[in-house]
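Taking it in order: structure first as structure tokens, then the write-up.
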Amino acid sequence: MVHHYDEPVYLISIVAKILDIHPQTLRQYERENLICPSRSNGRIRLYSQRDIDRIKLILRLTRELGVNIAGVDVALRLKDQMEAMETEIAELRHALAVAKNATTVAPEKSLVTTRSTYEMVIFKES
């Protein structure tokens, strides 16, 4: 069975085992607002693949690059802002493409033309 990237399906114990970390570490990341797993009706934490990938990034920043939790928070916020801007840019590009394709006559085939020559009118004094 294949799950959607954002579908919350993993229990905290499974995620801890997958990432080789203590479940308390995951709870700490949640307290620090670095991650926000979904909750079942019984208040059980459920993690999606997106959550797991975010935790992997946190672990890489802290373990490999030596970034502290405050730095991780800043980095994640910047990453989220960049992703939001990239989405907005893609939407604007799409809207621009739609607007360009909405014209009924191609600009090069339009009836209005511009001339590159100048006409001179000379008035005679009477």
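In this structure, the amide hydrogen of residue 7, modeled 1.01 Å from its nitrogen in the peptide plane, lies closer than 5 angstrom to those of 49, counting only residues at least 5 positions away or on a different chain. Segment 21-42 and segment 72-92 have Cα centres lying 22 Å from one another. Look at the dipole of segment 10-109 built from charges on Cβ: of 71, 19, 41, the Cα furthest out on the positive end belongs to 41.
Restricting to Cα pairs below 8 Å that are 6+ residues apart, what does the relative contact order work out to for segment 1-66? Please round to a whole percent. Averaging sequence separation for qualifying contacts and normalising by length gives 39 percent for segment 1-66. Modelled label positions at residue 40 and residue 17, each set 7 Å beyond Cα in the direction of Cβ, lie 1.5 nm from each other. At the listed q of 0.14, 0.18, 0.31, 0.34 Å⁻¹, the Debye profile of segment 1-43, built from one uniform point per Cα, gives log10 I(q)/I(0) equal to -0.36, -0.59, -1.21, -1.21.
Read the figures in this text as sums done on the coordinates, not as results from a lab. The structure presented is a predicted model; accordingly, all values stated were derived computationally and were not measured. Quick reminder, even Gly has a Cβ in these numbers, built from the backbone with ideal geometry, and neighbours come from all protein chains shown.
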